[in-house]
Amino acid sequence: TKKMMTIPGVGEQTIAGFLAEVGNLEDYNHPQQIIRLAGLNLRENSSGQHKGKSAISKRGRSRLRALLYRSVLILVAKNKEFKYLHQYYTTRSERPLKKKQSLIALCGKLIRVLYYSG
């Protein structure tokens, strides 16, 4: 947790809530498992010949999703790397994301950062 605390914009409550929902990080082989646990993995809403839009699955822990979303809002405001990534995702010339889509993508990035720093 000491390495996690060095990330600007991530506080004790964020780390405590993350570890309370996820548990021991050594139980996971890859951060994608935590992304799926949170329900942030993409799925396509399609049926037959109808090709729908992609959305997050929401088949995970809603409290973890809410915690990550609130944390990313603070990170976009206070952490220059996350702020740059959010700006890049929303203003890139090829397939720009909407603001909320960018924040959800940054939630996955936050999970990967916390996983590898933990």
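The values are calculated or read from the model by the stated rules, or taken from the named source; none is laboratory data. Small disclaimer: the values here were computed from a predicted structure and weren't measured. Note that we place each Cβ from the backbone using ideal geometry, even for glycine, and neighbour counts take in every protein chain shown. Ligands, DNA and RNA are excluded from the accessible area calculation, which covers all protein heavy atoms including side chains. Shrake-Rupley method; radii C 1.70, N 1.55, O 1.52, S 1.80 Å.
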Could you give the length gained on full extension between L42 and R59, defined as 0.36 nm per residue of separation minus the Cα-Cα distance, in nm? 5.1 nm
Give, to the nearest whole percent, the P(r) tail of the range 50-118 beyond 17 angstrom, counting all Cα pairs. 47 percent
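Once you keep just the Cα pairs under 8 angstrom separated by 6 or more residues, what percentage relative contact order results for the chain?
Values: 126 pairs, mean separation 33.3, N = 118.
Result for the chain is 28 percent.
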Phi to ³J(HN,Hα) by Karplus 6.51 cos²θ - 1.76 cosθ + 1.60 over the range 16-30, Hz, x for Gly, Pro: 4, x, 4, 5, 5, 7, 8, x, 6, 5, 6, 6, 10, 8, 8
Could you provide, to the nearest whole Å², the per residue accessible area of the range 3-118 with probe 1.4 Å? 67 Å²
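Over its Cα atoms, what ratio of radius of gyration to 2.2 N^0.38 Å does the chain give?
Numbers: Rg = 14.9 Å, N = 118, 2.2 N^0.38 = 13.5 Å.
Normalised Cα radius of gyration, the chain: 1.11.
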Counting other Cβ atoms within 10 Å, keep those with at most 13, restrict to DSSP loop, and tell me which trypsin sites (Lys or Arg not before Pro) in the range 24-57 are left. K51, K53
Just from its helices, what would the mean residue ellipticity at 222 nm be for the chain, if runs of 4 or more DSSP H residues each count -39500 (n - 2.57) and the sum is divided by every residue, rounded to the nearest 500 deg cm²/dmol? -18500 deg cm²/dmol
Computing the accessible area with a 1.4 Å probe over protein heavy atoms, can you report the carbon and sulfur percentage for the chain? 49 percent
Output ³J(HN,Hα) for the range 55-64: one whole-Hz value per residue in order, computed from phi by the Karplus curve 6.51 cos²θ - 1.76 cosθ + 1.60 with θ = phi - 60°, and x for Gly and Pro. 8, 6, 6, 6, 9, x, 7, 5, 5, 5
